[in-house]
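> Sharing a structure, written as structure tokens. Questions coming.
The values are calculated or read from the model by the stated rules, or taken from the named source; none is laboratory data. As the structure is a computational prediction, the values presented were derived from the model and not from experiment. Note: ideal-geometry Cβ built from the backbone for every residue, glycine included; neighbour counts use all protein chains shown.
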Amino acid sequence: MPSLCVNIDHVATVRQARLTYEPDPLSAALAAVEGGADGITVHLREDRRHIQDADVEALSRIPDLNLNLEMAPTPEMVGIALAIRPQMVMLVPEGRMEVTTEGGLDVIGERDKVTEAVGALSSAGLPVSIFIDADSEQIRAAAATGASVCEVHTGPYAEAVHGSEARPDGEPAVRAQLASIATAGRLIRELGMQFNAGHAVNYENVRRLAALEGLQELHIGHSIVSRSIFSGMREAVHSMKELIRSASSDA
């Protein structure tokens, strides 16, 4: 079955909303591993809107942690990755105005920049993944850069699943998107790269993706962080109530 790499960016989003020290992404990473995560993903964005340099450095020091560092293919980020040396680097597109990554990297349009980044990272012994749309030409371009992994953007599939019940053509649209990912996965493997997938994967749509032939890793973040708010809220409130109660009884 595919391994699960948990993205903890939005734990840091909550922390940065107050510019404070909690919730701590490091603690979230350890809890995720305790829950069965096979790896941890963080996206160090150029504007540092959630994950900070210190977070990546702290995560890199956790023994045996499988750390996947998402980043734009820029000289600054390549330098950080070479210093941190995560288990994998994933090159992603990045726009300052976007809420989250909105599509795959345009490897064709940015061939020279991407090839340079892949070359620098690969030469240092770091495996490189490229986040990419399910497009055969982009996949071939990614292979030409020397990348060892392609992660297929699953956002269009997730959107199709989410809206399937409201449209007469809902299920055919879901099947078409799933077939597109499967076709991309076959080509990725034929070109000698590892087939990963991620983006907007949640508890509703994950099963069909996880069953795809040859899929090695699923990268999932927002839905897991969202679920944890509710699955952990009862215990968090109970613990706080007990502290208040015990303080009152001691007074």
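> So which of LEU59, LEU126, LEU105 is in contact with a helix residue (DSSP H, G or I) (Cβ under 9 Å, 6 or more places away or on another chain), under 25 Å from HIS222 (Cα atoms), not in a helix (DSSP H, G or I) and not charged (D, E, K, R)?
Going through LEU59, LEU126, LEU105 in turn, just one is in contact with a helix residue (DSSP H, G or I) (Cβ under 9 Å, 6 or more places away or on another chain), under 25 Å from HIS222 (Cα atoms), not in a helix (DSSP H, G or I) and not charged (D, E, K, R): LEU105.
> Out of the residues in region 182-200 meeting the condition of being farther than 23 Å from HIS43 by Cα and touching a Ser or Thr at 6+ places or on another chain (Cβ under 9 Å), tell me which one is surrounded by the fewest Cβ atoms within 10 Å (Cβ to Cβ).
Taking the candidates together, the pick is GLY192.
> Which one of these is on the phi < 0 side of the Ramachandran plot, among the polar types (S, T, N, Q) and surrounded by fewer than 11 Cβ atoms within 10 Å (Cβ to Cβ): SER239, SER223, SER164, SER228?
Result of the check over SER239, SER223, SER164, SER228: SER239.
> If you scan region 201-242, which residues turn out to be in a loop (DSSP other than H, G, I, E, B) and either more than 14 Å from THR41 (Cβ to Cβ) or more than 20 Å from the chain's Cα centre (by Cα) (or both)?
Selection gives ASN202, TYR203, GLU204, ASN205, ALA211, LEU212, GLU213, GLY214.
So that you can scan it fast, the table gives a plain yes or no per residue for (1) without any contact (Cβ under 8 Å) to a residue 60 or more places away in the chain; (2) within 23 Å of ALA72 (Cβ to Cβ):
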| position | (1), (2) |
| --- | --- |
| ASP9 | no, yes |
| GLU22 | yes, no |
| LEU30 | yes, no |
| ARG45 | yes, yes |
| HIS50 | yes, yes |
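> Looking at region 30-59 only, could you name the residues that are touching a Leu at 6+ places or on another chain (Cβ under 6 Å) and at pLDDT below 95?
Selection gives ALA37, ASP38.
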